[in-house]
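Student: Have a look at the structure that comes next, please.
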Amino acid sequence: MGFSTLAVFSILLISFFGASMILYTAVAENYKDIKEVMEKRGERYLNRLNTRINISSITVTGNSSGYSLQIGVINRGSVTIDVNRFSVLVDGNLTDFAYSPSGMLYPEETVTLYIVNLSGSGSHRVKVVCENGATAYASYTV
């Protein structure tokens, strides 16, 4: 009876250690992934807090049957912004645009957005959205 009890105890102990090692490996990998995601989330949050854009000017060229816009956007934050990842909405509709100068928008610098082939009269609203969600609004009249 003594030998069988010792054998069973040994088998259970070895099984427990094997299961513990498998569980530890799975938990350690998941912890590393979660830690990496949380660091990226914190970085995105700080970038969002430090991003500020303002619409400094809007120039309308044309009339209600067809007009174009030149929108001056200034980076008032401390984060460099990729202008290619902007979204521009005119009266709630996503609009294609060109911009100058090309590249990145550094703090305290201005970029001009060009939008063509718009129509309508009266008051309109434009919204510029950065890749991290920072926005700027302005209204203009045709």
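Quick note: the coordinates plus some simple rules give every number you see, no bench work behind them. Everything numeric in this text was worked out from a predicted model, so none of it was measured. Positions of Cβ are backbone-derived with ideal geometry, glycine not excepted, and every protein chain shown enters the neighbour counts.
Student: What whole number of Å gives the distance from the Cα centroid of region 77-142 to the Cα centroid of region 1-37?
Tutor: Here the answer is 57 Å between Cα centres.
Student: Another question, if that's okay. Report ³J(HN,Hα) in whole Hz for each residue of region 73-86, in order, from the Karplus equation J = 6.51 cos²θ - 1.76 cosθ + 1.60 where θ = phi - 60°; Gly and Pro get x.
Tutor: Coupling constants for region 73-86: 10, 10, 8, 9, x, 10, 10, 6, 10, 7, 5, 5, 9, 5 Hz.
Student: Answer with a single label: of (1) 53; (2) 25; (3) 36, which was calculated as percent of Cα pairs over 24 Å apart from the structure in view?
Tutor: Correct label is (1).
Student: Could you work out how far helix 2-49 tilts from the main Cα principal axis of the chain, as a 0 to 90 degree angle to the nearest 10?
Tutor: 10
Student: Restricting to DSSP loop positions (anything but H, G, I, E, B) with no more than 10 other Cβ atoms inside 10 Å of their own Cβ, which GluC sites (Glu not before Pro) remain in region 68-142?
Tutor: The qualifying sites are E108.
Student: What does the charge dipole of the chain about its Cα centre add up to, to the nearest 20 debye, if the Cβ of each Lys and Arg holds +1 and the Cβ of each Asp and Glu holds -1?
Tutor: 260
Student: Follow-up. Show me the trypsin sites (Lys or Arg not before Pro) within region 51-142 that DSSP assigns to loop and that have at most 14 other Cβ atoms within 10 Å of their Cβ.
Tutor: Those that pass, being in a loop and sparsely packed, are R76.
Student: Give me the number: length gained by fully extending N54 to S4, i.e. 0.36 nm times residue separation minus the C-alpha to C-alpha distance, one decimal in nm.
Tutor: Gain in length upon complete extension: 10.0 nm.
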